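Computed from the coordinates by the stated procedures, all read-outs in this text should not be read as laboratory data. What you are looking at is a predicted structure, and each value in this text was computed from that prediction instead of being measured. Neighbour counts are summed over all protein chains in view; Cβ atoms, including those assigned to glycine, are modelled from backbone coordinates with ideal geometry.
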Amino acid sequence: MLIDIKKLLIEREQMSLTDLARHFYVSESIMLGMLSHWQKKGRVESFDASGACGTGCGSCTESEQSKVYYRWKKVAEKPIFTKRSE
């Protein structure tokens with residue numbers, strides 16, 4: 001399923017946790033665990049899009065809930081392989 005998550009994020013560019021969990025018919029907590037695998041490797045990043053207008057006044061329905069999205073990074077943020085020091 002990890003490879004399927006990768007393919008979907010590349011295809012759709014970004015998705016919310018809820019949408020990812022619904023797509024794969026799993027709970028959000030299970031999806032968070034799978035996303036954390038890719039985040040540890042530096043391949044998935046999350047960003048908060050709540051208050052996207054920049055004001056953060058809270059008067060619109062968009063600001064009622066936090067909107068966290070995930071996207072695939074073409075280049076890993078951290079090195080995947082490390083050399084052992086002797």
Using 0.36 nm times the number of residues separating Ile10 and His37, minus their current alpha carbon distance, what extension gain do you get? 8.1 nm
Place a point 7 Å from the Cα of Ile30 along the Cα-to-Cβ direction; which residues of the range 1-18 have their backbone N under 19 Å from it? 1-9, 16-18
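Using only the Cα atoms of the range 1-49, build the gyration tensor, take square roots of its eigenvalues as a ≥ b ≥ c, and label the shape rounded, prolate or oblate: rounded if a/c is under 1.5, else prolate if a/b is larger than b/c, else oblate.
rounded
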Calculate, in nm to one decimal, what Ser46 and Val75 gain on full extension: separation in residues at 0.36 nm each, minus their alpha carbon distance. 9.0 nm
Placing each pseudo-label 7 Å from Cα in the direction of the beta carbon, Ile3 and Arg22 end up separated by a distance in nanometres of 2.8 nm
